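Student: Sharing a structure, written as structure tokens. Questions coming.
The values are calculated or read from the model by the stated rules, or taken from the named source; none is laboratory data. Keep in mind that what you see is a predicted model, and the values were worked out from it rather than measured. Positions of Cβ are backbone-derived with ideal geometry, glycine not excepted, and every protein chain shown enters the neighbour counts. Keep in mind that these areas ignore ligands, DNA and RNA; they rest on the heavy atoms of the full protein, side chains included. Shrake-Rupley method; radii C 1.70, N 1.55, O 1.52, S 1.80 Å.
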Amino acid sequence: MGQMDAGMKNEMFREEEMDDDDESPSERQIVVGICAMTKKSKSKPMTQILERLCKFDYIDVVIFPEEVILEEPVEKWPLCDCLISFHSKGFPLDKAVEYAKLRNPLLINDLNMQYFIQDRREVYRILQEEGIDLPRYAVLNRDPDNPEECNLVEGEDQVEVNGEVFHKPFVEKPVCAEDHNVYIYYPTSAGGGSQRLFRKIGSRSSVYSPESSVRKTGSYIYEEFMPTDGTDVKVYTVGPDYAHAEARKSPALDGKVERDSEGKEIRYPVMLTAMEKLVARKVCLAFKQTVCGFDLLRANGHSFVCDVNGFSFVKNSMKYYDDCAKVLGNMVMRELAPQLHIPWSIPMEAEDIPIVPTTSGTMMELRCVIAIIRHGDRTPKQKMKMEVRHPLFFELFEKYGGYKTGKLKLKKPKQLQEVLDIARLLLVELGQHTDCEIEEKKSKLEQLKTVLEMYGHFSGINRKVQLTYLRNGKPKASSEEEDSKKDGPSLLLVLKWGGELTPAGRVQAEELGRAFRCMYPGGQAGNRRSLGCDSPIDFGDYAGFPGCGLLRLHSTYRHDLKIYASDEGRVQMTAAAFAKGLLALEGELTPILVQMVKSANMNGLLDSDSDSLTDCQQKVKARLHEIMQKDQDFTEQDYQKLAPTGSPSLVNSMKVIENPVKTCDKVYALIQSLTSQIRKRLEDPKSADLQLYHSETLELMLQRWSKLERDFRMKNGRYDISKIPDIYDCIKYDLQHNASLDLEDTRELFRLSRALADIVIPQEYGINRAEKLDIAQAYCVPLMKKIQLDLQRTHEDEAVNKLHPLYSRGVMSPGRHVRTRLYFTSESHVHSLLSIFRYGGLLNEEKDQQWKQAMDYLSAVTELNYMTQIVIMLYEDNNKDPSSEERFHVELHFSPGVKGCEDEETIPLGFGFRPASSENEDKKPNQGSLEDLSQDEPDQALQVSDPINIQRRSPMIRNRKTGSMEVLSETSPTHSAKGCTSHRLFISCSRQSPEIKPASGLGFEGCSMVPSIYPLETLHNSLSLKQVDEFLNSVCESNSEVQAKTMKALSGLFASQSQISLYSPQQPLSSSGSEASLRPPGQPLWHGSIPSSAVSSAGPSSPITESSGLNFSFSE
């Protein structure tokens, strides 16, 4: 603060005044001068604050006219005791500095420091000197006369500035703070390109551009991109001890500015943590700006300052206007009143009135949602294997470190280009000398070349090449290879392509994300006020839509969201599309993917190395092949062997098949017929350049089917059973997306290959219970451990910052979070996880009626299709004793995903979402009936209105009655953890009420051929957390060999993070996984007071990342 020795000056003033007016000295007024451009000095916030400032008895305000500031010399400027002056475009800062020297007023914002604020380099230097966290950065200074000379080396996915390497995503900021053209560059693995930010124009603040290379003129700061989950925090200080903070959607996410009904940008008040308040104090003092705005990024459990804007006021907040005027007025009075002999005592008043949240009935509070979701609709996956021995391949293998593990995955464009170059080179040589030493088969090399050239460009998401070192060459010859074998080492090259998310898959994921919102409190449309959407802010675009409860939770940092995806492109894109629907984002998926989706290729958390099958899996596959190779009808014994669990879906498929070899013969004949039909089409000039779905050509389609035709029937006349899933995959795809070709017998091929696939696919994950469990554990233990941590760490810690209580009406306790963890993965993990719940001994079917019904339902489900979901929800009953088992209550839900081509008749029926629990069963004559289910339910009135359904076209909600989870029920006393009411969300069609069977082909499905998704069915809704935790412990521990892998995965997941230990510092999490080691001594696991959200998440979700808290130390 530019303190002043004002005594002399004021004496002088007082003499003049006494001569003029004979006033008594005690009535001398303090003059506060406002010296800024008219646009700023007459702005709404300034006007509101000055009006309030004038209410101080001794303060007068004088606004300097703009023409005086610009044209008059400073000697003619009005006099003042205290000056509020700040730079903006066109403001003569030099003159203001001169005026301050001349008149020496009390400066609210130091003027000399405002030169520094205009240069981002200076801002970062000052922040660094103050020890404030900022992103890792480097400055690139270019001489405008010869811009070529600079320390910048640009690579495909990184830049090197002055020797510092920044991998994409990184941020490029002009050094001049007035220049708002900040660019963010994305990695090729996420689709490349850049997001260009600019000063808001209308409702846009950024735009996505395909340009991937950095700007070549001008000086810039390059800095690491901070993964904030899509929200920025703006902090506004008024002096070192007051800071107001609000969140807005990050302009980098989709560039759409959220505006409310009055057209103002929507911002959400946020409570700062103690550390952040300290940062605000440091920024305010370091830059000597009493009124100062700066930007915080919350990432990985830390807060980083990325921009200091100098003088700025909060817009549209009456509370801030009151506070700001009060703080400024008191500051001026404190400094100047004593010198001017003005009688004034510092008012003592409580700044913040504590708001006491009321308790709410016996409703339960949603605390945690965990979902495991399979990716959406994809193109058929294809792969080709070839053995290679050429030295160039070995050189490539060595170059990328293949010898370390004996395996190599090549996905980057540059790497794929190298493989393509080798293939082209060898083909040229083969063309010139037919007798040369090249052993690679010409046909295979040609296919390699064709696939790698397929899209005209490499995007890391479409294709990959895997190389595996074979010490003695490839073992046995398959159908594709000759017998002339050479000795010596070789490399097995596996080329994989296809398997991309289709446009339909994107839509499915986005729609599901949108429907998912309705599981959160306040998520249903209809009577908004009763659902808690009534709040001081009118939520603009969100108002009145289903799911606004979640959007509000999210933007106010009380939704702790983390999205994980395995490293496959289709899975990552599904996760990004889902996030887009869940959080109502717009635009390209690339920016959303980079900011919202954490890639969890964390040692098997969501990825499975399908190449490294377990021994058990190998044996199961062999047995499966043996049974399926018999040329006779299935015998009773075969039923015993193949379907020991007696699952109806399997038994039905076996009945369809009867004789497996005869069925394979039929399938083979149908494929031959299909390929010959496609060949005929190709010869027909009319259909030669026909465009198929997702820009496939007839040629590519023919390649796809011919390869299956070649591979399915081996040289010895037997069938390769492992190709059945691929055949089913292809025909399913063509039936849905290329039905316009009208090829004959596709339905029959679909029916037969589906019956075969319904046996082969699930049984590859184990035939009897023990095998299913064994194989499932090999895939899933790391994920189960992670789920267990997610559930345990929901018990709250107060360290996480809370929403302003005023803004959280309708959500039960403002200080709490809802934690959401979404895991996107592939079929193997979904199958395995379901096997663990089914066969791991969670509940006893004999004793638990609800579980028996759930198991019957699951064994009737034939296929876990795209977008299959397994959802675990944790509720807390605040009226129960914190240490009682009934305090925390867990529900398990499931949906088999997308509807198949002809599912309507065969689909098994569950019992809806969150049906009445077992305690009320005696009152309900028939659980299947909708009418009975909805007795004594308060949600009758909350029918979702049709217009919303049509407008949002959500496949999950359409023509289903939607209930609210936030309505208090009249029958509340009976709703303990065991007897939770049936607030049904997506009520499934039940056998008794044919009139509400979902109308197929209606609305959404009809118009764009995107099949709708089955609603969630509840498997169980009255589990205690203790039951679930003990179950997860036993499942994870029973598999000792996987234990080490799990701990490796989890430690990898949290290795790079900070040092808060999980529950209590003296209790490291031991690798034994024993119960005692996971909690403080003397407390049961479900005890409500375990601190956990100290280890919460990044994001609009919440300020502290989950990873921040795990300091695993593994005792052997």
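Student: Restricting to DSSP loop positions (anything but H, G, I, E, B) with no more than 12 other Cβ atoms inside 10 Å of their own Cβ, which trypsin sites (Lys or Arg not before Pro) remain in the range 674-710?
Tutor: none
Student: Using a 1.4 angstrom probe on the protein heavy atoms only, could you order Thr468, Thr590 from most to least accessible area?
Tutor: Ranked from most to least accessible, the order is Thr468, Thr590.
Student: Sort Glu154, Glu178 by accessible area with a 1.4 Å probe, largest first.
Tutor: Heavy-atom accessible area, descending, gives Glu178, Glu154.
Student: Given a 1.4 angstrom probe, I'd like the percentage of the accessible area of the range 732-798 that is carbon and sulfur, rounded to a whole number.
Tutor: Ligands and nucleic acids excluded, carbon and sulfur reach 44 percent.
Student: Here's something else I'd like to know. Can you tell me the length gained on complete extension of the stretch Gln640 to Met318, counting 0.36 nm per residue apart and subtracting the Cα distance?
Tutor: Gain in length upon complete extension: 108.5 nm.
Student: Something else now. Going 7 Å from the Cα of Asn768 toward and past its Cβ, which residues in the range 649-691 have a backbone nitrogen under 19 Å from where you end up?
Tutor: Inside the label zone: 650-651.
Student: For a quick check: with amide H placed at 1.01 Å from N, whose amide H comes under 5 Å from Arg259's, ignoring anything fewer than 5 positions away on the same chain?
Tutor: Ile266, Asp541
Student: Return the distance in nm (one decimal) between the two label points of a simple spin-label model at Asp567 and Asp856, each offset 7 Å from Cα along Cα→Cβ.
Tutor: Simple spin-label model gives 4.6 nm for this pair.
Student: Here's another thing I want to ask about it. Could you calculate the FRET efficiency of Lys42 with Asp295 from 1/(1 + (r/R0)^6), where r is the beta carbon distance between them and R0 is 22 Å, rounded to 0.05?
Tutor: Computed FRET efficiency for Lys42 and Asp295 comes out at 0.30.
Student: Shifting gears a bit: Starting from the Cα of Glu658, step 7 Å along the direction of its Cβ; do the same at Gln618; then give the gap between the two resulting points in nm.
Tutor: 3.8 nm
Student: Please work out how much accessible surface Cys616 shows to a 1.4 Å probe, ignoring ligands, DNA and RNA, in Å² rounded to 10.
Tutor: Estimated to the nearest 10 Å², Cys616 gives 30 Å².
Student: Still on this structure: By how many nm would the segment from Thr217 to Arg471 lengthen if fully extended, with 0.36 nm per residue of separation less the alpha-carbon distance?
Tutor: 86.2 nm
Student: Give me the percent relative contact order of the range 567-711, please, defined on Cα pairs under 8 angstrom at least 6 residues apart.
Tutor: 14 percent
Student: Output wanted: per-residue J couplings in Hz (rounded whole) for the range 638-651, from phi through Karplus 6.51 cos²θ - 1.76 cosθ + 1.60, θ = phi - 60°, x for Gly and Pro.
Tutor: Each residue's phi maps through the Karplus curve to give 4, 4, 4, 5, 8, 10, x, 7, x, 5, x, 5, 5, 4 Hz.
Student: What pairs from Lys385/Lys899; Lys200/Lys319; Lys383/Lys412; Lys40/Lys234; Lys95/Lys256; Lys42/Lys173 go past 29 Å between their alpha carbons?
Tutor: Lys385/Lys899; Lys95/Lys256; Lys42/Lys173
Student: Moving to a separate point now. Report the full-extension gain for the segment Gln672 to Glu154: residue separation times 0.36 nm, less the Cα-Cα distance, to one decimal in nm.
Tutor: Computed gain between Gln672 and Glu154 is 181.3 nm.
Student: In Å², and per residue, what accessible area does the range 147-289 have when probed at 1.4 Å with the other protein chains present?
Tutor: Normalised by residue count, the accessible surface of the range 147-289 is 40 Å².
Student: Which value, in Å² rounded to 10, gives the accessible area of Thr645 with a 1.4 Å probe and all protein chains present?
Tutor: About 50 Å², ignoring ligands and nucleic acids.
Student: Here is a follow-up. Kindly report, to the nearest 10 Å², the accessible surface of Glu827 as traced by a 1.4 Å probe over protein heavy atoms only.
Tutor: Result for Glu827: roughly 40 Å² accessible.
Student: Okay, moving on. Using the Cα gyration tensor of the range 674-749, with a ≥ b ≥ c the square roots of its eigenvalues, what is the shape: rounded (a/c below 1.5), prolate (a/b larger than b/c) or oblate (neither)?
Tutor: In terms of gyration-tensor shape, prolate.
Student: Take the Cβ-Cβ distance between Leu682 and Gln849 as r, set R0 to 56 Å, and report the resulting FRET efficiency rounded to the nearest 0.05.
Tutor: 0.45
Student: List the trypsin sites (Lys or Arg not before Pro) within the range 828-865 that DSSP assigns to loop and that have no more than 11 neighbouring Cβ atoms inside 10 Å.
Tutor: Counting only loop positions with at most 11 other Cβ atoms within 10 Å, the trypsin sites (Lys or Arg not before Pro) in the range 828-865 are Lys847.
Student: Is there a pair in Lys168/Lys381; Lys655/Lys847; Lys619/Lys772; Lys381/Lys407; Lys662/Lys707 whose C-alpha atoms are over 24 Å apart, and which pairs would that be?
Tutor: Lys168/Lys381; Lys655/Lys847
Student: Would you list Phe287, Phe313 from the most to the least accessible area, probe 1.4 Å?
Tutor: Solvent-accessible surface, decreasing: Phe313, Phe287.
Student: Also: Net charge around Ser189, counting only other residues with Cβ within less than 10 Å of its Cβ (Lys, Arg = +1; Asp, Glu = -1)?
Tutor: Local charge sum for Ser189: +1.
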